[in-house]
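Rule-based calculations on the coordinates, nothing more; no lab input. For clarity, every value in this text was computed on a predicted model and none was experimentally measured. Virtual Cβ from ideal backbone geometry, glycine too; neighbours counted across all protein chains shown.
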Amino acid sequence: MIDAGALANAATRALRAYDPGHDLPALRKRFGANLAELGSNENPLGASPRAIAAIQAALPEVFRYPDPKGLALKAALARHLEVGIGQITLGNGSHELLMLIAQCFADASTSVAFSEFGFAVFPIATAAAGARAVRVPAMARDHATMPLGHDLEAIAQAIRPDTRLVYLANPNNPTGTWFDDAALENFLARVPATTLVVVDEAYAEFVTAAGLSTALRLLPRFPNLIVTRTFSKAYALAGLRVGYAISTPQVAAVFERLRESFNVNALALAAAEAALADQAHVAKGREWNLTERQWLGAQLHARGLRVLPSQTNFVLVDFARDAAAIESTLFERGVIARPMGGYGLPEFLRVSVGSRAENERLLAALP
C-alpha cells in the first residue's frame, strides 16, 4: 500500500472532492416514482422535443469522434448571443469551464476572490490552481432586499495587486439572490484590467427581475470579463453536460491551450444546438418556473418559514434552526432537498422548484 494522498501535489492535498449530494441512482431504485428529486436544480419540464430528436438522429454516428471545435453549436450560439464565434469556448458543463479558467490564469503567486456564499466550484477551482482564496463576507442576513447576496462593494475592496480572478454568480447558487446590471457595471469599472471577472450565469434564462439582463452587454467595454453559462438548467440537458464561456477572442485563445480535446460529446453538441433553436420551449419553462416558484414560496411562507428572494429555479428556505433533522425526515419520506451546512448555512435547505406534484409532496413531508 502507498499513501497516495501524501504523493499528491500541494494543491490537490488541500482539496476535498465536490459533493454532488445523495446517491440518486440508488434512491430511484428505493423509492421509484415516489421520489421527489428537489436537490439538484433540474428542470422537471424536460428537454425540448427538438433536442430529443437531435439525439436520436445522432445516435448512429456515435462510433465517430465529435467535432473537436464544436463549430455548429458555436455558430448557433454566436447568432443567438450576437457575439463572434472566436469568443465562445465550449465545456463539459460550466463546472469544467470554471475550473479551466483558474487553471489557465491562477497559480500560487496569485489570489482569487469570491463571495462567502458563492457557488461551491469557486473555492475548488481556486485550490486546484494553488492560488490564495479571498473569501469575501456576504451581505448581512437582515439586509432589506438581498440577504446573503454578493457584496460587490466589499469584493471590490478585497481585490489585491495579485488578484488574478474574481468569481461571481448572477443569479447566485445557492442563495438565489442577484445584483442588477447597474451594480455590475459600477463594479467592473473599479476592477483593474489585470483582474479577470468571471460572471457565472447558469440561471440566466429564468430571470424576470427588472434591471437584470446579462453581463454580456458589458463585454465590449470590459475585456477582462468572462461569462459562463450552461445547458443544464433552463434547457434541461443536465445529463449531457454542455456549458460555454463567452470572453474576448484573446482570452478564449488561452483557454484553447488547455481545453481537453473532444470535451463535449457528439450527442450533447447535437442536442444543445437543437435546444437553442427552440426558444419557445425555454420561454415556456421560464413562465412555468416563475409561477411555480411563487406558489411554492407562498406555501412555505404560510408555514412560517423565511424564503429568500430568488431569480432561479430553486428557493433557499430558512428554518431558523439546524435543518439537519428536517432534511433527514424529508429524505426518509422520499423528498430530496439540499442541505446547506457545507456552505456555512446549517439552518437552510435549498429546494428545487419541482412539478406541482413534487412540490406538494415536499409540503406534505415537512415535519
So what is the calculated 222 nm ellipticity per residue for the chain, using -39500 (n - 2.57) for each DSSP H run with n of 4 or more, over all residues, to the nearest 500 deg cm²/dmol?
-> -11000 deg cm²/dmol
Taking a ≥ b ≥ c as the square roots of the eigenvalues of the Cα gyration tensor, with a/c under 1.5 meaning rounded and otherwise prolate when a/b exceeds b/c and oblate if not, region 19-166 is oblate
How high is the relative contact order of the chain, in percent, counting Cα pairs under 8 Å that sit 6 or more residues apart?
-> 23
Which of the aspartates and glutamates could a cross-linker span from LYS233 if the Cα-Cα distance has to be under 16 Å and same-chain partners fewer than 8 positions apart are dropped?
-> GLU37, GLU42, GLU96, ASP200, GLU201, GLU205, GLU273, ASP278, GLU287, GLU292
Please get the size of the charge dipole for region 49-277, origin at its Cα centre, with Cβ charges of +1 on Lys and Arg and -1 on Asp and Glu, quoted in debye to the nearest 20.
-> 360
Working out 0.36 nm times the residue gap between TYR65 and GLN294, then minus their Cα-Cα distance, what length gain in nm do you get to one decimal?
-> 78.0 nm
With r as the distance between the Cβ atoms of ALA210 and GLN279 and R0 = 22 Å, compute the FRET efficiency 1/(1 + (r/R0)^6) and round to 0.05.
-> 0.55
Assuming a viscosity of 1.567 mPa s and a temperature of 4 °C, what translational diffusion coefficient in µm² per second does Stokes-Einstein assign to region 49-277, Rh being the Kirkwood radius over Cα pairs?
-> 72
Antiparallel bridge percentage (DSSP; both residues within the chain; nearest 5) | 45
Taking the Cα centre of each part, how many Å lie between region 195-225 and region 61-93?
-> 20
Label 7 Å along Cα→Cβ of LEU45; region 265-287 residues with amide nitrogen under 15 Å?
-> 275-287
